[in-house]
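A.B. asks: Please read through the structure below; I'll follow up with questions.
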Amino acid sequence: MDAIKRILVVDDDEQVLFVFHDALIRLGSDYEIVTAGSAQAALEKVRESPFDLIITDLRMPDMDGVALTEALRAFNSGVSVIWMTAFGCHRLKAEAARLAVYRCLDKPLEIREIRKTAREALETVRE
């Protein structure tokens, strides 16, 4: 069971969660895909069990992706984090570097890009 890579996708848009879940589940049986509709729900899931990769939207009503990433670092400083936003990643370079974010992706995303970036991030998971 240790070979299973756990991915958590966080977004307040149910359609985005569906698309990401569907895209990532096709990576194969070595991956478990979990979704959360809010940052608070994501934190609850992380408290229950660890994840290898967390993909989060940056703009959510209860807590933004930056604050979520800061909270996640308290649980697991080595977890790979990917941000996604429709508002431009270029403005967030300093924050992303400070929080050791693997990558920031601009929406809309292509399915192929989602899978490729998730695979790359999981290859760099720090122990």
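Read the figures in this text as sums done on the coordinates, not as results from a lab. Values in this document were obtained by computation on a predicted structure and should not be read as measured data. Cβ: placed from backbone, ideal geometry, glycine included. Neighbour counts: every protein chain shown.
A.B. asks: Whose amide H sits under 5 Å from the amide H of Ile54, counting only residues 5 or more places off or on another chain, with H placed in the peptide plane?
C.D. replies: Leu8, Ser80, Val81, Ile82
A.B. asks: When the Karplus curve 6.51 cos²θ - 1.76 cosθ + 1.60 is applied with θ = phi - 60°, which whole-Hz ³J(HN,Hα) does each residue of the range 61-69 get, with x for Gly and Pro?
C.D. replies: Taking θ as phi minus 60°, the curve returns x, 7, 6, 7, x, 5, 5, 4, 4 Hz for the range 61-69.
A.B. asks: What are the residues whose amide H is under 5 Å from the amide H of Ser38, where those residues sit 5 or more places off or on another chain and H is modelled from the backbone?
C.D. replies: Sorted by chain and number, the residues that satisfy this are Asp11.
A.B. asks: Rounded to the nearest whole Å³, what is the per residue volume of the convex hull around the Cα atoms of the chain?
C.D. replies: Taking the convex hull of the Cα positions in the chain, it is 95 Å³ per residue.
A.B. asks: Using a basic spin-label model with each label point 7 Å from the Cα along Cα→Cβ, how many nm lie between Phe75 and Arg47?
C.D. replies: Taking the simple label geometry, Phe75 and Arg47 are separated by 0.9 nm.
A.B. asks: Then there's this: What does the extension gain come out to for His90 and Arg115, with contour length at 0.36 nm per residue minus their alpha carbon separation?
C.D. replies: Extending this stretch completely gives an extra 6.8 nm.
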